[in-house]
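The values are calculated or read from the model by the stated rules, or taken from the named source; none is laboratory data. Just so you know, these numbers come straight off a predicted model, no measurement behind them. Glycine also receives a Cβ, built like all others from the backbone with ideal geometry; neighbour counts cover every protein chain displayed. Quick note on the areas: whole protein, heavy atoms, side chains included, nothing else; ligands and nucleic acids left out. Shrake-Rupley method; radii C 1.70, N 1.55, O 1.52, S 1.80 Å.
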Amino acid sequence: MSYPSQPTPEQKLAEAKKLSGLPRIVVICGSTRFMAEMNEADLRETAAGRIVVKPGCDMKSPHALWSDPVEAKEVKARLDELHRAKIRLADEALVVGDYIGDSTRAEIAFARSLGKPVRFTHPEVDPDA
């Protein structure tokens, strides 16, 4: 594959995934209030032959890792950065749920800025529709 200029890291990654024969990678985005729906989407996407990455922590549920407000802020920042890395890794995003908050809106914008297709379980909530 030739590029008019230096390939971006995302272009290099896409080419490496293509050469390796990896299945399509889907990142699940959305509010963690929809964790049950995310798990269902994970099941369906996996059964369809796709690799799935999704949020691994639900900070809305109590846990010792984020019981201290200062630590919670730091954990949230790390998780947000980790999720952006998952979006960069993925071939497409699947937004789960019938509500789009600020974090999910930012994830959608980031995925689209990278040229990633974005699907919705509830297309009516697409902020760009």
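Determine which lysines satisfy two conditions relative to residue 18: a Cα distance under 25 Å, and not lying fewer than 8 residues away in the same chain.
54, 86, 116
According to a simple spin-label model (label point 7 Å from Cα along Cα-to-Cβ), what is the distance in nm between residue 128 and residue 72?
3.3 nm
Can you tell me what share of the DSSP beta bridges in the chain is antiparallel? A percent to the nearest 5 is fine. Don't jump to the answer; show the numbers that get you there.
Values: 0 of 10 bridges.
Counting DSSP beta bridges with both partners in the chain, the antiparallel share is about 0 percent.
To the nearest 10 square angstrom, what accessible area does residue 67 show with a 1.4 Å probe?
Spelled out: residue 67, probe radius 1.4 Å, area about 90 Å².
Quick one: grab the alpha carbon gyration tensor of segment 28-129, order the square roots of its eigenvalues as a ≥ b ≥ c, and give me rounded if a/c is under 1.5, else prolate or oblate depending on whether a/b is larger than b/c.
On the way: a/c = 1.65, a/b = 1.47, b/c = 1.12.
Prolate, since a/c reaches 1.5 and a/b exceeds b/c.
Looking at the chain, identify the longest residue range that excludes and avoids all trypsin sites (Lys or Arg not before Pro) in DSSP loops having at most 15 other Cβ atoms within 10 Å. List each step's numbers first, then the result.
Details: sites that count: 24, 60.
Value returned for the longest uninterrupted segment is 61-129.
Can you give me the long-range amide H partners of residue 52? Hydrogens built in the peptide plane at 1.01 Å from N, cutoff under 5 Å, separation of 5 or more residues or another chain.
Those lying under 5 Å, H to H, from residue 52 are 26.
Report, in whole Å, the centroid distance computed from the Cα atoms of segment 1-44 and segment 60-77.
Result: 27 Å between the Cα centres.
For the chain, what does -39500 (n - 2.57) per DSSP helix run (n ≥ 4), summed and divided by total residues, give at 222 nm, in deg cm²/dmol to the nearest 500? Spell out each step's value before the answer.
Working: 4 runs with 58 residues, N = 129.
My calculation for the chain gives -14500 deg cm²/dmol from helical runs alone.
Restricting attention to segment 35-129, which chymotrypsin sites (Phe, Trp or Tyr not before Pro) occupy a DSSP loop and are surrounded by at most 15 other Cβ atoms within 10 Å?
Working: sites: 66, 99, 110, 120; in loops: 99.
Answer in residue order: 99.
Once you order the gyration tensor axes a ≥ b ≥ c over the Cα atoms, which shape class does segment 75-116 get: rounded for a/c under 1.5, otherwise prolate or oblate by comparing a/b with b/c?
Numbers: a/c = 1.72, a/b = 1.03, b/c = 1.67.
Oblate shape, in that a/c is at least 1.5 and b/c is the bigger or equal ratio.
May I ask you to derive the relative contact order of segment 5-129, considering only C-alpha pairs under 8 Å and at least 6 residues apart, and to give it as an integer percent?
On the way: 153 pairs, mean separation 36.9, N = 125.
The value is 30 percent.
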